[in-house]
Every structure is written in structure tokens, then in C-alpha cells.
């Protein structure tokens, strides 16, 4: 029963995070009614049921039949899985609350970065502050404290040397929060996973769209979402890839 409650509640929060990610910095109020971005129709409650409505409507607006982005159900499912997986960690309830809150903000960053290829300062600074508070409350080794700054310096140097072509400075600020929040073992594992997932995704796109002008080796793919997925996987699977790779 607890599993079902967590999945349902997580999907509902995921639906809200979709709205936040899409309306952030757009001038639209978060409190306004949801509407179809194509025809402007205000959506009824039965068109807003997380995950289910997308499939019942067959991925199309009921009025204008325009396609609904797969982002909506995918973010709702991802948020539900994050809620459930963090709840099942062997942490105190207070750790779990902080981690779930942080990952909710990470999801908004993921949505915004995918759409605009930039990580807003207000979001990433909130994450850095939250991560520092988390580390102050729950402690950690010196290396856990240094993980974030070390990753920030590395990513900052890559950004500086490549003049922003390899990655954005927002990614450097993002890994600062990830390192502080997750600590050394999970933080460094998150970055390694992020690189692996990002590289695999990029190569897959190139292979699938081979011969198409939509994507090339020079195409810009936001890196933030892969770092966030890496952070989640490193946390829930308790990964220490630096230790594994050292053998």
C-alpha cells in the first residue's frame, strides 16, 4: 500500500513539476489553469490525471488533436520512481525529505535545460544552498565537503578552456550541488555515470538519425539532465565507481 501511495503522490508532484519547468521564467503564473499550448483550451480535471490521461487521450489534445509531448508522462513516472526509491533508502526520514526536495528541484532543472539548454541561476543556487544545509545537518567527511568544490573546479576549467563549447558554466554550478549533497563516493559516481549516459545517448541519436541534418557531432545536447540521472542512480544503487575503477 505504501508503494502505491508513494507512486501516486510522486506522479502528482511530477505533474506539478512539469508545470513549474515549463512556466519558469516565462512570465506565466504557476497558479493559472493548465491549457493546451497549441489551441489554448483550458484542460478539464480528467485531462490532467498523471500518466493515465496521456494514454487515454492517445497523446493528443482532446480539442485540436495536436500531439502532447512525451515529456509529461515521462517526468511524472520519473518523479514517482524517485519518490519510491529515495523512500526505500536506509536513511532517516529527515535525510529522505531533504533528498526528495532536492531532486524535485533537479527535475525542474532537467526540464528547463532540455528545453532551453541553460540552467537558471535561481534554481542552481537554491540547490547549492540546500546541499550546504544538508551537509551541515547530516555531516560527512572532509572529502564529502570537498567533493562539490573539486567537481566545480574541474567543470569550471573545462568550461573556461573550451570557452563554453564543451559545457556550460551552469553545469559547473550543478555539480557543485551534486557533490555537496551526495558526498564524495556518490558525487563522483554521479559524474562518471552522467558522462557515460550522455555519451551513450549522443551516439545513439547520431546512429538513429544518421544522414539527417537534425543532429551532428557538433549539435548541442544539454548535459545537465545526464548529470541529474547519474546523481539519482548513484544514490539509489549506493555506487562508488571511483573505488571500483581503481582496481
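The values are calculated or read from the model by the stated rules, or taken from the named source; none is laboratory data. All of these numbers come straight from a predicted model, not from anything done at the bench. Positions of Cβ are backbone-derived with ideal geometry, glycine not excepted, and every protein chain shown enters the neighbour counts.
Only one entry of 162, 189 meets the criterion of being at negative phi and surrounded by fewer than 14 Cβ atoms within 10 Å (Cβ to Cβ), and that entry is 162.
Matching residues to (1) assigned by TED's automatic domain parsing to the domain that holds residue 39; (2) in contact (Cβ under 8 Å) with a residue 60 or more places away in the chain:
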position	(1), (2)
57	yes, no
67	yes, no
80	yes, yes
93	no, no
102	no, yes
106	no, yes
111	no, yes
128	no, no
133	no, no
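Just name the residue that is farthest from residue 80 (Cα to Cα) out of those in the range 45-55 that are touching a residue at least 12 places away in the same chain (Cβ under 8 Å) and not in a helix (DSSP H, G or I). Applying the filter and picking the extreme gives 48.
For the range 106-139, filtering for residues that are farther than 15 Å from residue 22 by Cβ and either at pLDDT 95 or above or assigned to a helix (DSSP H, G or I) (or both) leaves 19.
For first residues located in the range 205-225 and closer than 29 Å to residue 178 by Cα, partners that are surrounded by 10 or more Cβ atoms within 10 Å (Cβ to Cβ) and at pLDDT below 70 and lie 6+ apart or on another chain with Cβ distances below 7 Å form the pairs 205/215; 206/215.
A quick yes/no check of all residues on (1) within 21 Å of residue 127 (Cα to Cα); (2) in contact with a helix residue (DSSP H, G or I) (Cβ under 8 Å, 6 or more places away or on another chain); (3) modelled with pLDDT under 95; (4) assigned to a helix (DSSP H, G or I):
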{"site": "194", "(1), (2), (3), (4)": "yes, yes, no, yes"}
{"site": "203", "(1), (2), (3), (4)": "no, no, yes, yes"}
{"site": "214", "(1), (2), (3), (4)": "no, no, yes, no"}
{"site": "220", "(1), (2), (3), (4)": "no, no, yes, no"}
{"site": "230", "(1), (2), (3), (4)": "yes, yes, no, yes"}
{"site": "235", "(1), (2), (3), (4)": "yes, yes, no, yes"}
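From the list 207, 146, which residue is at pLDDT below 95 and over 26 Å from residue 88 (Cα atoms)?
Numbers: 146 fails: at pLDDT below 95.
Of the residues listed, the single one that is at pLDDT below 95 and over 26 Å from residue 88 (Cα atoms) is 207.
If you go through the range 170-180 one residue at a time, do you hit one that is over 20 Å from residue 131 (Cβ atoms), in the same structural domain as residue 132 (by TED's automatic domain parsing) and at pLDDT 90 or above? The answer is no; no qualifying residue exists. Residues that are in contact (Cβ under 8 Å) with a residue 12 or more places away in the chain and surrounded by fewer than 18 Cβ atoms within 10 Å (Cβ to Cβ) were ranked within the range 21-35; the one that is farthest from residue 73 (Cα to Cα) is 25.
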